[in-house]
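Read the structure below first, then the notes.
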């Protein structure tokens, strides 16, 4: 058969030399390689103390933002839930009562807002879908491991950003 | 023997036993650390500073596990097996000279538990008994894989004991004594046996790996093909005993190798140090203590080498193991004996 490329090499089985048969030089070479690795810099990241460096656009745990007056931005329009390919987001909408203007920005707000972190694929489509700039994926937090499945369903108590940190971010 | 001597002997034996156990315990830690370092990891570092309490945590875990004995196993032998392995391993360090003599209050204190004129034979007799622990445990488990592991252990130990004994004969021919202390004393200063017996040392080293069931000759417990070999059915502290016995054996073999080939407690410029100190008693004690430190440094270097090799070489195939033992090591050992004999005769003839 005509070779397609002329790069094939003829393999020939030759007798091993005495040094190869004695096996000891090869062992010494191998020991040298492992000793080199012994003194190499370690690849491990000691997780709880150190964390891996993340990119600026890294998508982590969700946050429901407040506006400059501390009122929740979310109006429970449901676009994030529609956009979500994993169907991880559910919410129940409610009407804002008189006297609650400092709590919710629009007349309609989310009474419950839940993200199931086991379903979520952290694609960020909810972030893109949101017309009110209410939901974002943070670049510095992630959903930690837990023992029960229920604990992965994050409600408003864990999603809405705390009042004090409004100014900083 | 005076009663003071007896008390001293008792204390010394307890101390040596304690040191043996301590070294075996921390060998598990260093095994994991060295494995990790060679594989670019950091190893156990959670229990205590640098993970130094890890062996204690492991032992605690093993003690609290269920004492499981398989229903069809021979119960008595199943329990005796690890006991024999541990007992035999603990006995073998009795004749090793860890140091020269200390002078305390006009009394000579020899840093060796028992001085017998057949020290080498004692060590080899005891070490070859160790295979009974593996054999009995593997057979009593009533499990195919355990039995296979036990058979492998027995045949491997028997095969390699031959080459080991033959490579040793050359050393004994040179020193003319079976006493480990005398062999150590003849290697005064830097006059170590390794310079005269390089081939014998390599043979002995290879056989030592096989005798202690370490990689590349860890076929009795090859986890990939025999699940765990002779200790497949073992759990809890009985498994711990087997692992412990293995590490004690490594320690003892390292000590024997340093004594036979690397001059035991002797170190270069020993006499210069001795003559530098004017007080003879103090000089003797300083040299002895440095010698003990040197001895342990040699032992630790060998233990490190055992671990280093474990994470470098893959396991031999069983037929390769047998071929190496019978067709290569034994003829080479005999050649070494003949060469040594010839050299001794030539030396007598010339000088």
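Readers should treat all values here as calculations from the given coordinates under stated rules, not as data from a laboratory. In this text, all values refer to a predicted model and were calculated from it rather than measured experimentally. Cβ atoms come from the backbone with ideal geometry, glycine included; neighbour counts cover every protein chain shown.
Observations
- Only Cα sites of the range B:249-321 enter the Debye sum here, all with the same form factor; the resulting log10 I(q)/I(0) across q = 0.18 1/Å is -0.77, listed in q order.
- In range of the label at residue A:39: residues from the range B:23-41 whose backbone nitrogen is under 19 Å from the point 7 Å along Cα→Cβ: B:34-41
- Degrees, to the nearest 10: B:75-91 long Cα axis against longest axis of chain B: 20
- Modelled this way, with points 7 Å down the Cα-to-C-beta line, the labels at residue A:14 and residue B:53 are 6.0 nm from one another.
- Within the listed set A:52, A:96, A:66, the residue fluctuating most in the Gaussian network model of chain A (springs between alpha-carbon atoms under 10 angstrom) is A:52.
- The range B:140-196 - Rg (one decimal) and Dmax (whole number), Cα, Å: 18.0, 53
- Dividing the helix sum by the residues of the protein assembly as shown, where each DSSP H run of 4 or more adds -39500 (n - 2.57), gives a mean residue ellipticity at 222 nm of -17000 deg cm²/dmol.
- Between the beta carbons of residue B:334 and residue B:194, assuming R0 = 22 Å, the FRET efficiency works out to 0.65 to the nearest 0.05.
- Ratio of the Cα radius of gyration of the range B:62-177 to 2.2 N^0.38 Å, where N counts its residues: 1.43
- On the basis of the beta-carbon distance and an R0 of 35 Å, residue B:346 and residue B:290 show a calculated FRET efficiency of 0.45.
- Mean separation of Cα contacts under 8 Å (6+ apart) over length of the range B:3-350, as relative contact order %: 23
- Hydrodynamic radius (Kirkwood) for chain A, which is based on Cα pairs only, to one decimal in Å: 21.1
- Once the Cα atoms are used to define both axes, helix A:24-38 deviates from the longest principal axis of chain A by about 20 degrees.
- Relative contact order for chain A, counting Cα pairs under 8 Å that sit 6 or more residues apart, in percent: 26
- Counting every alpha-carbon pair across chain B, the share separated by more than 39 Å comes to 18%.
- Highest average first, the peptides A:142-150, B:13-21 ordered by how many other beta carbon atoms sit within 10 Å of their residues are B:13-21, A:142-150.
- Comparing B:334, B:183, B:250 in a Gaussian network model of chain B (Cα springs below 10 Å), the most mobile by mean-square fluctuation is B:334.
- Volume per residue of the C-alpha convex hull in the protein assembly as shown, rounded to whole Å³: 313
- Shielding of peptide B:307-315 by partners, expressed as the average count of other chain Cβ atoms within 10 Å per residue Cβ, is 3.
- Label-to-label distance, nm, for residues given as residue B:162 and residue B:8 (7 Å Cα→Cβ offset): 4.5
- Taking the C-alpha atoms only, the angle from helix B:198-211 to the longest principal axis of chain B is near 30 degrees.
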